[in-house]
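Presented below is the structure to which this report refers.
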Amino acid sequence: MALKLYYHPFSSYCQKALVALYENAVPFEPHILAGPDSPAFRELAERWPMKRFPMLVDGERTVIEASCVIEYVGLCAPGPVRLIPEDPRAALEVRMMDRFFDNYVSTPQQRIVTNALRPEDARDPYGVVEARNMLDTAYAWLDQVMAHREWAAGEHFSLADCGAAPFLFYADWTHPIGDAYPNVSAYRGRLLERPSFARAVNEARPYRKLFPLGAPDRD
Ligand SMILES: N[C@@H](CCC(=O)N[C@@H](CS)C(=O)NCC(=O)O)C(=O)O
């Protein structure tokens, strides 16, 4: 039975899962979340009341959270690119970097974007300042880590890079990395050249007008 992925091509967490699927050419049935009235969205809401995506369905089993979707795909459709190393200590480094990108790059980036989508009188400028400070701290920390690494957890592309790719992509649009963090910029460039992520970026191109801060004319 085919794996069903409920997703939107422009969503960063969905791209995280897509990169993993594309890395190993895992076949799946696409269920595009084309707005809250679409059949795919209704099914998402039935299976997962938080209505967050991506969501993977394998027969009776529902898998939520992009990291868990990637772990699940690695178990049920393992391919040549092993996204979570077999060695538990190496796997811990991968999961630690995966948490870093979710919590300290994606979370503040989404906070800034969500704020821009709110009505003017419900905005939270202090929250945006906090989010921008967190991104600066994250970039500075990551710049030191990436000084000696090709990929987030070392020499092999992993789960952590699946999330880093879309999160740094959109973080740079939201709060530019600039020249201050050359190792982060170079890493973002390597991620953009990775065929799995390049494919996800291309598939999302038609939706750039949805970016509330205005998508820059690059990438
Ligand atoms: N912790 C979730 C986060 C998923 C998430 O926030 N997805 C966004 C799209 S990038 C979403 O569902 N947004 C819709 C909403 O917030 O209602 C994961 O790791 O998958």
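Laboratory data are not the source of any read-out in this text; all were calculated from the coordinates shown. Not measured: the values here are computed from a predicted model. Don't worry about glycine lacking a Cβ; one is built from the backbone with ideal geometry, like all the others, and counts go over all protein chains shown.
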Can you tell me which residue is surrounded by the fewest Cβ atoms within 10 Å (Cβ to Cβ) among those in the range 133-152 that are under 16 Å from the mean Cα position of the chain (by Cα) and under 30 Å from P80 (Cα atoms)?
W151
What pairs can you find where one residue is in the range 37-59 and in a helix (DSSP H, G or I), the other is polar (S, T, N, Q), and their Cβ atoms are less than 8 Å apart, with a gap of 6+ or different chains?
R47/T62
With respect to the numbered conditions (1) in contact (Cβ under 8 Å) with a residue 40 or more places away in the chain; (2) β-branched (V, I, T); (3) more than 20 Å from W151 (Cβ to Cβ), which one is the sole condition not fulfilled by I32?
(1)
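Conditions tested, residue by residue: (1) surrounded by fewer than 19 Cβ atoms within 10 Å (Cβ to Cβ); (2) under 20 Å from the mean Cα position of the chain (by Cα).
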position: P9; (1), (2): yes, yes
position: A45; (1), (2): yes, no
position: L56; (1), (2): no, yes
position: E60; (1), (2): yes, no
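Inside the range 60-76, can you point out the residues that are more than 15 Å from the ligand (Cβ to nearest atom) and either touching a strand residue (DSSP E or B) at 6+ places or on another chain (Cβ under 6 Å) or part of a loop (DSSP other than H, G, I, E, B) (or both)?
E60
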Does the range 21-30 contain any residue that is crowded, with 20+ Cβ neighbours inside 10 Å and either within 13 Å of the ligand (Cβ to nearest atom) or farther than 19 Å from S196 by Cβ (or both)?
no
Just one of (1) at negative phi; (2) touching a residue at least 12 places away in the same chain (Cβ under 8 Å); (3) more than 16 Å from the ligand (Cβ to nearest atom) trips up E86, so point out which.
(2)
Would you check if there is a residue in the range 207-217 being of a type in the set (G, A, S) and in contact with a Gly (Cβ under 9 Å, 6 or more places away or on another chain)?
no
Filter the range 12-35 for residues that are among the aromatic types (F, W, Y) and closer than 18 Å to G163 by Cα and give the result.
Y13, Y22
Give the residue that is nearest to D136 (Cα to Cα), with candidates limited to residues of the range 108-124 that are among the β-branched types (V, I, T) and in contact (Cβ under 8 Å) with a residue 12 or more places away in the chain.
I112
Members of the range 197-219 found to be among the small types (G, A, S) and either within 20 Å of Q110 (Cα to Cα) or part of a loop (DSSP other than H, G, I, E, B) (or both), listed by number
A200, A204, G214, A215
Filter the range 111-123 for residues that are in contact with a helix residue (DSSP H, G or I) (Cβ under 8 Å, 6 or more places away or on another chain) and within 16 Å of the ligand (Cβ to nearest atom); which is farthest from S67 (Cα to Cα)?
N115
Taking L33 as meeting all but one of (1) more than 8 Å from the ligand (Cβ to nearest atom); (2) farther than 27 Å from P195 by Cα, write down the number of the exception.
(2)
